[in-house]
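Pasting a structure below so you can have a look.
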Amino acid sequence: IVGFLPKIRQTLFFSATMPPEIRRLTEAFLINPKQISVAPTSKPANESVTQGLVIVPAAEQKREALRALLRREAVKNALIFCNRKRDVDILYKSLRRHGYDAGSLHGDMDQGTRTQTLEAFKLGEVRLLVCSDVAARGIDVEDLSHVFNFDVPIHAEDYVHRIGRTGRAGRSGRAFTLATGDDRKFVAAIETMIGEKIPVHQLAQAEGSETASAPVAEVAAEAGERRGP
């Protein structure tokens, strides 16, 4: 499209966030631009979202921890965020293999498939939608009950945008983040930005987990003693 436009033109570029990959995109299309920005979002858009942090001993156990959460929570519908397209596919196939009605959405999918998948999710034909941040931009689903961060977002601002998909229009919502010890710097950046600690939730063996999470105190120690005494 840009190739058909005049060399001398006025171009305006809008983005809710400005991570490095988006900034590189602007540099490809803009020449000496003026930048106008509002104060970055430092807190979730509303207080109706119940947040939770599930500390998992190892990344290999995150899928099991997610399934334990799905069994425990009364999930009407949910967005499940992964940081990489490859992990979207892996998690989607894992959920389907365990009997969950799940769909996937990422940037490598053709537009027709993406539109069809999103429509099925909005109609309630698919209850869980595994997606990347880029693919999920602009998705607005009424009465979304849950958001799960299978991966802790690398950019703290993305956390606010992710969990802000639920708890809208006066409704309550729930958002859970799965984290390992390797994620502690990203979790710390999120908590610094929102100005509060994300409450730690424990997954008990009684909820049906094949390999129960260790007690919170032990796992927190493994994760770098991020909670302290």
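The values are calculated or read from the model by the stated rules, or taken from the named source; none is laboratory data. Please read all numbers here as calculations on a predicted model, not as lab measurements. In this analysis, Cβ positions are derived from the backbone assuming ideal geometry, glycine residues included, and neighbour counts consider all displayed protein chains. Calculation scope for accessible area: heavy atoms of the full protein, side chains included, ligands and nucleic acids excluded. Shrake-Rupley method; radii C 1.70, N 1.55, O 1.52, S 1.80 Å.
Take Tyr100 and tell me if it is hydroxyl-bearing (Ser, Thr, Tyr) and part of a helix (DSSP H, G or I).
Criteria not met by Tyr100.
Of all the residues that make up the range 84-125, how many are open to solvent by less than 30 Å² (accessible area, probe 1.4 Å), of a type in the set (Phe, Trp, Tyr) and modelled with pLDDT of 95 or more?
Taking the range 84-125 and keeping what is open to solvent by less than 30 Å² (accessible area, probe 1.4 Å), we get 87-88, 91, 94-95, 102-106, 117, 120-121.
Checking the rest, the ones that are also of a type in the set (Phe, Trp, Tyr) come to 121.
Retained after the next criterion (residues that are modelled with pLDDT of 95 or more): none.
Summing the residues that are open to solvent by less than 30 Å² (accessible area, probe 1.4 Å), of a type in the set (Phe, Trp, Tyr) and modelled with pLDDT of 95 or more in the range 84-125 gives 0.
Within the range 79-103, which residues are touching a residue at least 40 places away in the same chain (Cβ under 8 Å) and among the hydrophobic types (A, V, I, L, M, F, W, C)? Don't jump to the end; show me each part of the working.
Restricting attention to the range 79-103, the residues satisfying the condition of being touching a residue at least 40 places away in the same chain (Cβ under 8 Å) are 79-85, 87-88, 91.
Passing the criteria: Leu79, Ile80, Phe81, Cys82, Val88, Leu91.
Looking only at the range 46-68, filter to residues that are under 15 Å from the mean Cα position of the chain (by Cα) and within 25 Å of Leu123 (Cα to Cα); which one of those is most open to solvent (accessible area, probe 1.4 Å)?
So in the range 46-68, the residues under 15 Å from the mean Cα position of the chain (by Cα) come out as 49-54, 62-63, 66.
Among the residues that remain, those that are also within 25 Å of Leu123 (Cα to Cα) are: 49-50, 66.
Values: Val49: 19, Thr50: 62, Leu66: 2 Å².
So the residue we want is Thr50.
If you go through the range 161-186, how many residues are open to solvent by 10 Å² or more (accessible area, probe 1.4 Å) and out of contact with any helix residue (DSSP H, G or I) (no Cβ under 7 Å at 6 or more places or on another chain)? It would help to see each step written out before you state the result.
So the first thing to find is which residues in the range 161-186 are open to solvent by 10 Å² or more (accessible area, probe 1.4 Å), and the list is 161, 164-165, 168-172, 174, 180-186.
Still in the running and out of contact with any helix residue (DSSP H, G or I) (no Cβ under 7 Å at 6 or more places or on another chain): 161, 164-165, 168-172, 174, 182-186.
Residues meeting the conditions: 14.
With the condition kept exactly as written, say whether any residue in the range 204-216 is under 23 Å from His106 (Cβ atoms), open to solvent by 20 Å² or more (accessible area, probe 1.4 Å), modelled with pLDDT under 90 and not β-branched (Val, Ile, Thr).
To start, the set of residues in the range 204-216 that are under 23 Å from His106 (Cβ atoms) comprises none.
The answer is no; no qualifying residue exists.
While we're here: Limited to the range 126-151, what total is found for residues that are part of a helix (DSSP H, G or I) and open to solvent by less than 30 Å² (accessible area, probe 1.4 Å)?
Of the residues in that region, 2 qualify.
Which members of the range 126-160 meet the condition of being of a type in the set (Asp, Glu), at pLDDT below 95 and touching a strand residue (DSSP E or B) at 6+ places or on another chain (Cβ under 7 Å)? If you could, list the steps in order and put the result at the bottom.
Filtering the range 126-160 for residues of a type in the set (Asp, Glu) gives 133, 140, 142-143, 151, 157-158.
Still in the running and at pLDDT below 95: 133, 140, 142-143, 157-158.
Listed by number, the list holds a single entry, Asp133.
Here's something else I'd like to know. If I ask for residues that are open to solvent by less than 10 Å² (accessible area, probe 1.4 Å) and within 14 Å of the chain's Cα centre (by Cα), which ones from the range 69-83 would you list?
Within the range 69-83, Ala78, Leu79, Ile80, Phe81, Cys82 meet the criteria.
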